[in-house]
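The structure appears right after this line, and notes come after that.
Every read-out reported here was derived from the displayed coordinates using simple, explicitly stated rules and does not represent laboratory data. From a predicted model like this one, the values you see are computed outputs, not experimental measurements. When we count neighbours, we look across all protein chains shown, and the Cβ atoms used for this are built from the backbone with ideal geometry, even at glycine.
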Amino acid sequence: MTERVRVAAAVAILLLGCSGDATSGPGRRAGESAAASREPRSAAMPHEACVAGTNISTLDVNGDGQVDIRTEMADGRPRCRETDANFDGRADIYRWFEPSSGQVTRVEEDYDFDGRVDVVASFEGGVIAHDVMDTNFDGLTDTWRTYRGGRVIELRRDADGDGRVDTWERFDDTGRVTYSATDANRDGTPDEDDAGTPAPAVDGGTAAAAVAAPAPATGTQKGARR
């Protein structure tokens, strides 16, 4: 450990000891509420290794001699599949399956073909339940959505790129907006002139290498660029 790292660690410990709980009481950043501390924060888009085993089937879709689809099999059923949608030699779509049922459990997609994942969606019973997105293609999460019956019912977004949610929307089962709020004063919560407050997001139990779900209690953790 270098001297600089040791000094930084000591300062961090000292600050924690003096400030108390960073998410409540005197230790909380001025203007930041407990509700704001539970919102998801921007982080690197997650990515899980997909086809990594030895039982792999391949397919050349366009006949150019390069593999376009690679599928890892488990007990004769697909476990994970990588697809090169634009035939540039690298995967753009990743799909994970529940081997016993064949239902999709997770999908990652690279929309702009830059080699980085732009959306990660998790599925329950073969139906999309949550997703997290990088809408400006900077490699960081900025939009978190919750679904019901395959339809978006709640959206959270970091529109100004400061890493914190500043836009909230809720929808009914027909797609009609039932709640909309913004955070113009950047305190991490909907402004007072917005009617009502957003309902607590569903806790999807997101972990560092797990499906990225819009769960404000945990957020989305950093993942590796492929």
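Which residues' amide hydrogens lie under 5 Å from the amide hydrogen of Arg41, considering only partners 5 or more residues apart or on another chain, with H built in the peptide plane?
Those lying under 5 Å, H to H, from Arg41 are Thr220.
Under a crude label model (7 Å from the Cα following the beta-carbon direction), how far is Phe113 from Arg151 in nanometres?
Here the modelled spin labels are 3.5 nm apart.
Figure the gain on full extension for Arg176 and Glu192 (residue separation times 0.36 nm, minus the Cα-Cα span) and round it to one decimal in nm. Show your work: numbers first, answer last.
Values: separation 16, 0.36 × 16 = 5.76 nm, distance 2.27 nm.
In short, 3.5 nm is gained.
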